[in-house]
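K.L.:
Have a look at this one.
Since every read-out is calculated from the coordinates, none of them should be taken as a lab result. These figures come from a predicted structure and were not determined experimentally. Note that we place each Cβ from the backbone using ideal geometry, even for glycine, and neighbour counts take in every protein chain shown.
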Amino acid sequence: MATRKTTPVKPETIEPEMCTIDTRLNILSKVPFFASLSAADVGEVNKLFREQGYDPGKPIYFAGDPATHLYVVAVGKVKLLQHTLGGQDVLLDILTPGEFFGSLSVLGDEEFPDTAQTQTTCCILGITAKDFQTVLQCYPAVTLAALDKVSERLKAAHETLRQVSAHSVEQRIAAALLKLAEKLGEEQQEGLLIQMPLSRQDLAQMTGTTVETASRIMSQLQKDGLIHSGRQWVAITNVAKLESIATGE
């Protein structure tokens, strides 16, 4: 009898508990707008962040909620989603440790522009508007860096939504796989393995399509030898060909 192939994705054994001080300092030092700060300054900034543990699939905030906190992923992975006028939930990004999300009025948002939901067990660091204002006053260089990064994320979200309406589903799925591989890819026997559980539902949300359509296209990509995939995992075996599909060449 045939046996089901086990997933090559490394399991994450994370408890929804408080992060260690070393984890907090290491993660905050990697946040783009804190990159110019000294280790001592990062230590001071760390004192203003509060942490919270989450189980998988839990909301952190919803689009339209008051933009009261800026968050940083310390442990685990977080999904950013946006609800379109057409009634679809589009998966904008999957964030990994060291990436920020959320927003504040000082950064130009009165409301959160997206919904944040944990994909895995997570430890999340958060800072309030008042405390972030303190950071900006003490370290003026953080202000421009933060505004630049928030602007970049907004442009990326707009591009994701534009692709949903302008590109074919096959192009969107190819682009989504390449984006995930760039961030989470790891060379393995199976190919360039996207090192995270990836369901057809996730792919459908990332590309504004149905689970059935995403499954059909993934099956065709595998049949054509461009990917290997199994239950909640994907490895790219022909990056160049997938890039050609993504760009419509």
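K.L.:
Run the numbers for LYS47 and THR20: contour at 0.36 nm per residue of separation, minus the present Cα-Cα distance, in nm.
P.N.:
Full extension from LYS47 to THR20 adds 8.4 nm.
K.L.:
Which FRET efficiency, nearest 0.05, do LYS58 and SER199 yield, Cβ-Cβ r, R0 30 Å?
P.N.:
0.95
K.L.:
Now for a different question. With 10 Å bins from zero, work out the P(r) of the range 49-102 over every alpha carbon pair and list the percent per bin.
P.N.:
Final binned percentages: 20, 55, 22, 2.
K.L.:
So for the range 204-249, taking the charge dipole from beta-carbon charges (+1 Lys/Arg, -1 Asp/Glu), which of GLY208, ALA240, SER219 sits furthest toward the positive end?
P.N.:
SER219
K.L.:
Which order do the peptides 197-206, 40-49 come out in when sorted by mean C-beta neighbours inside 10 angstrom, highest first?
P.N.:
Listed from highest to lowest mean packing, they are 197-206, 40-49.
K.L.:
How long is the gain from GLU182 to SER215 if the chain were fully straight, where each residue apart is worth 0.36 nm and the alpha carbon distance is subtracted?
P.N.:
Gain on stretching GLU182 to SER215: 9.7 nm.
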